Every structure is written in structure tokens, then in C-alpha cells.
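A short reminder: the numbers here are calculations on the coordinates, not readings from a lab. Quick caveat, the model's predicted, so the values are computed rather than measured. Note that each Cβ is placed from the backbone with ideal geometry, even for glycine, and that neighbours are counted across all protein chains shown.
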Amino acid sequence: MRIDVLTIFPEYLAPLRESLVGKAITDSLIGVRVHDLRDFTTDRHRTVDDSPYGGGPGMVMKADVWGAALDSLATPDTILIVPTPAGRPFSQQLAQQLSIAHHLVFACGRYEGIDQRVADEAATRMPVLELSIGDYVLAGGEVAVLVMVEAIARLIPGVLGNPESAVQDSFGAASPGLLEHPSYTRPVNYRGHEVPAVLLSGNHAEIARWRHSQSVERTRERRPDLLPDTEN
Ligand code: 6GU
């Protein structure tokens with residue numbers, strides 16, 4: 001998979017070179033390139049934004065600059081992802097679908113966002129997903145790209161040391177729509193708190209049943225919205 005990121009703050013994406021995604025890059029499982037949007041400006045001041053038509057606060061990123069940048073990166077395989085708090089929710093299911101893509105381009109907006117015609121025009125040529133990572137507002141799309149790229153990259157075969165990890169995760173394939181059960185390791189007594197006895201029993205069927213019931217209990221308590229209406 002190839003990933004291109006367009007941003008006015010390229011250094012903000014430096015963490016992609018670290019940890020799990022960094023290892024995947026080193027192992028040539030993915031290729032990541034980060035581009036400075038200002039390299040696609042044509043004026044002396046390298047202007048990327050302008051005041052909004054219709055008035056109001058803030059600035060809007062200019063369509064022509066984004067158009068030139070996307071033209072330079074788009075291939076017949078490209079899926080364009082535009083992080084925005086006004087987007088559809090990013091999810092594990094979407095991460096799963098995007099993990100088999102050949103080319104993702106992330107367009108990081110700042111200020112009040114990108115002129116809507118950029119996404120509208122791109123959508124005539126390629127799939128375009130405007131995506132939000134949650135119900136809160138970030139200063140720009142860069143951190144959301146870090147989140148989405150990590151969620152996607154760890155699902156690419158070979159990226160995770162143990163592929164079972166992705167199956168067992170909260171929202172993973174083992175128990176879709178349930179939070180992951182709690183985990184424990186040595187010592188058996190930590191400051192008076194014991195490891196649940198069932199985990200020391202060696203009875204694997206009983207352990208699996210206990211973990212599932214912990215998942216359901218946790219989900220009911222923390223995320224009742226994930227359970228079918230009959231279960232909450
Ligand atoms: Cl994807 N971008 C920005 N700027 N804020 C957000 C977001 C994205 N998702 C939630 N808040």
C-alpha cells in the first residue's frame with residue numbers, strides 16, 4: 001500500500017516513522033510520503049487560504065492549490081480521504097476495508113476546512129471519503145491521519161507480529177461490536193488485588209466463557225450503544 005499525506009505541517013506527521021507504522025515502512029509493507037501543500041502554490045507568499053464566501057470567521061483553504069496537489073498524486077487506484085469533524089464516522093469496519101487499498105491520499109485541512117469543490121470535483125474521478133474520528137474538534141486533520149493510518153496499517157498482513165491480536169481486539173472479528181475483556185499477567189497478587197481465579201484454572205472453555213461475559217458486561221456498562229436494543 002502507498003500512502004500520501006498532504007499538509008501545511010509536514011513535521012506533524014513525523015510520528016509515522018516510529019513504532020508499528022515505522023516498522024511497516026522499514027519492512028516495505030507500506031510506503032508513506034508526506035508533502036507540503038505550500039509546494040503547490042504559485043504566488044510569492046505561498047498562500048493556501050482565503051476568507052469565506054458569505055462571510056463568517058476563519059479562513060478556507062483554496063481549491064486551486066488543493067487541485068494542483070491532488071492532480072500530482074492521483075493514480076487510477078487512488079482513494080482520497082479528507083479528515084473533517086463534519087465527516088462520516090471512521091470505524092474498524094472502514095479500517096478493514098481500507099487495509100486492502102493500493103493507494104490512499106490524505107488531505108489535511110486546517111482553519112475552517114477546504115473549499116467543498118475540491119472533494120466534489122475529486123469525487124468525479126476517484127472515491128472520496130470525508131471522515132471524522134470522533135465527536136470533538138481538532139485544530140486540523142493531521143492527528144486524525146495519524147489515528148487512521150495506524151488503525152489501517154496494523155490490519156495489513158505482516159504488520160502485526162501476531163495477527164491473532166487484530167482478531168481479538170475490541171471491534172475485531174472475534175466478537176464484533178463488543179469491547180475487549182480485561183487482561184492480567186504476573187504477579188498473581190498486586191497490592192491486594194488478585195487475578196481472577198478462573199484464569200489460573202487451566203480450563204480453556206471456561207476461560208473463553210468468562211472472557212466473553214466480561215466483554216458483554218463491560219460493553220453494557222461503558223458502551224450500551226453498541227449492544228442490540230434487547231440487551232440494554
Ligand atoms: Cl478527522 N478532523 C478534525 N479537524 N477534527 C476532528 C476530526 C477530524 N475528527 C474529529 N474531530
Residues Val5, Val198, Val128 in order from fewest to most other beta-carbon atoms within 10 Å are Val198, Val128, Val5
So how much slack lies between Asp27 and Arg46, counting 0.36 nm per residue of separation and subtracting their Cα-Cα distance, in nm? 3.3 nm
For the chain, whose charge dipole is built from +1 on Lys and Arg Cβ atoms and -1 on Asp and Glu Cβ atoms, the candidate among Leu73, Ala166, Pro89 with its Cα farthest towards the positive end is Ala166
Antiparallel versus total DSSP beta bridges in segment 1-158: what percent is that, nearest 5? 10 percent
Using alpha carbon centroids, what distance separates segment 36-57 and segment 142-219, in Å? 45 Å
Quick one: helix 142-153 against the long Cα principal axis of the chain, what's the angle to the nearest 10°, folded into 0 to 90? 50 degrees
Using θ = phi - 60° and the Karplus form 6.51 cos²θ - 1.76 cosθ + 1.60, what ³J(HN,Hα) does each residue of segment 86-97 get, whole Hz, x for Gly and Pro? 8, x, 5, x, 5, 8, 4, 4, 5, 4, 4, 5
How much length would be gained if the chain were fully extended between Leu160 and Val195, taking 0.36 nm per residue of separation minus their Cα-Cα distance, in nm to one decimal? 9.9 nm
Determine the calculated [θ] at 222 nm for the chain from helices alone, applying -39500 (n - 2.57) to every DSSP H run no shorter than 4 residues and normalising by the residue count; nearest 500 deg cm²/dmol. -8500 deg cm²/dmol
Of the candidates Val60, Ala107, Thr42, the farthest towards the positive dipole end of the chain (Lys/Arg Cβ +1, Asp/Glu Cβ -1, centred on the Cα centre) is Ala107
Using r as the Cβ-Cβ distance of Arg17 and Thr124, and R0 as 22 Å, what FRET efficiency do you calculate, to the nearest 0.05? 0.05
Would you kindly give the portion of the calculated P(r) for the chain that falls above 33 Å, as a percent of all Cα pairs? 32 percent
So, with +1 on the Cβ of K and R and -1 on the Cβ of D and E, and no other charges, what is the size of the charge dipole of segment 1-142 about its Cα centre, to the nearest 20 debye? 240 debye
DSSP-defined antiparallel bridges as percent of all bridges, segment 1-85, nearest 5: 25 percent
Compute, for segment 72-166, the length of the dipole vector about the Cα centre, with Cβ point charges of +1 (Lys, Arg) and -1 (Asp, Glu) only. Units Debye, rounded to 20. 120 debye
Relative contact order for the chain using alpha-carbon pairs under 8 Å, separation at least 6, rounded to a whole percent? 19 percent
With angles folded into 0 to 90 degrees, how steeply does helix 204-222 sit against the dominant principal axis of the chain? Use alpha carbons for both and round to 10. 50 degrees
Given the Cα-Cα distance of Ser91 and Arg223 and 0.36 nm per residue of separation, how much length would full extension add, in nm? 46.0 nm
